[in-house]
1. Ranked highest first by the average count of other Cβ atoms within 10 Å around their residues, in what order do 326-339, 24-37 fall?
2. Local charge sum around A143 (other residues, Cβ-Cβ under 11 Å, Lys/Arg +1, Asp/Glu -1)?
3. Counting only DSSP beta bridges with both residues in the range 18-351, what percent are antiparallel, rounded to the nearest 5?
4. Post the alpha-carbon centroid distance, the range 183-246 to the range 258-311, in whole angstrom.
5. Could you list which residues have their amide H under 5 Å from that of V300, counting only those 5 or more apart in sequence or on another chain, with H placed in the peptide plane?
6. Cut-off 10 angstrom, C-alpha nodes, Gaussian network model of the chain. Which of H191, H313, H205 fluctuates the most?
7. Can you tell me what the convex hull of the Cα atoms of the chain projects to on average, as an area in nm²?
8. How large is the dipole of the range 18-351 about the Cα centre if only Lys and Arg carry +1 and Asp and Glu carry -1, each at its Cβ, rounded to the nearest 20 debye?
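Derivation of every value follows stated rules applied to the coordinates shown; laboratory data play no part. The structure displayed is predicted, hence computed values, not measured ones. Cβ: placed from backbone, ideal geometry, glycine included. Neighbour counts: every protein chain shown.
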Amino acid sequence: MPLGDVTGRGPGPRTPVIDVHTHAMPMPLLRHLERRGLADLSRAAERVLNLDPAICGLAPGSPIPLAPEQHDMERRLASLTTMGVDHQVVAAPPFLFASESDDDRLTLEVTRLANDALAEFVAGSGGRLSGLATVPVGHPGAADELARCLDELGMAGATMGTFGGGRELDDPVNEELWRALAARRCFTLLHPSRVSSRDRLADYHLVQLLGYPMETALATSRLVFGGVLDRHDLVLCLAHGGGCVPAVSGRLDLGWRRKPVARVTSRTPSDYLRRLLYDTAVFDTGALGRLVKDMTAGHVLLGTDTPFDLVDHDPLRTVRALGVDAGQETAILGGNAARLLGLRVARPDPDGRGEGPSAPPIPLEGHPT
């Protein structure tokens, strides 16, 4: 049965609008971390949070935005309605990944606490939210935590940072995790979680503005050249439209052709990049249009980075400004996400009479690879 479309121009029930890149920091988790001396909520009324550098990876005292929607369910659901989104896929933000900590025990403890808190948070959403399990890359036990979250907590997929435990993503310690993600066909959001040359990015908010897109490109390149994408067929979505990596794909291909040290994969880097997924959080219509053209609409999913301040407040307008056909628009706004995450999302009835029918997801076997 084909998916309906979100435009109202196609047959069948309207496909729900699904945002795959959103974050939450449940208050029970933050209070627990505060009791442990790992968080400071004294400025919460000012919408500011401080976390221990071992957890957030930022300089001591760095302010982290704490919008009410991070932990207040009523405000959260109201924001969905305002944005025209039917369903959000929610992950912990990278500030809770402990990506730069080499303390396995601390990282695994914080990860478990965050996953438990997030599962409880989304359970109170009335079906409007689904959760992604944080998996602690670079640390032994990551695959076990993935299994716990999927099998016991009922999470819809996973999220991970671009570095962990002092190790890159292509380090052998992560092989068990990659095998598990591939075997389960588990949707995974790869989110930048640290930066290189932090001292050069210290000013002008460049850690997030520039460092994060570069970090995604670096991590993805290591997945390509390190053979991870040869060994494992992953359902991997790159945050922020893949950061810088789509723009440098031609340069990576050139190196693969001309530099023997880079000729370590069976296909060009761009071939692997076209197998991956990308969200729409690039904040530029021209750049998003090029991403859709290069990677195809079947590989692009709606993502807003809600509820941080670098957010797309009008995601439907963003996608509709592309001028793609109704089928492609439907795929980006919700069809791809429903299919890849196996979601059956009830949507609010447009006439205000409760929940209307939603189109069923296409079976997972049809995912784009």
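1. Values: 326-339: 25.0, 24-37: 18.1.
The densest-packed peptide leads the list: 326-339, 24-37.
2. On the way: positive: R148, R179, R184; negative: D144, E145, E175, E176.
Summing Lys/Arg as +1 and Asp/Glu as -1 gives -1.
3. Details: 5 of 27 bridges.
Looking only at bridges with both residues in the range 18-351, the antiparallel portion is about 20 percent.
4. Centre-to-centre distance over Cα atoms comes out at 10 Å.
5. Answer set, sorted by chain and number: Y278.
6. Highest fluctuation of the listed residues: H205.
7. On the way: hull surface 71.0 nm².
Across all orientations, the chain yields a mean hull projection of 17.8 nm².
8. Numbers: 35 positive and 43 negative charges, 199 e Å.
For the range 18-351, the charge dipole is close to 960 debye.
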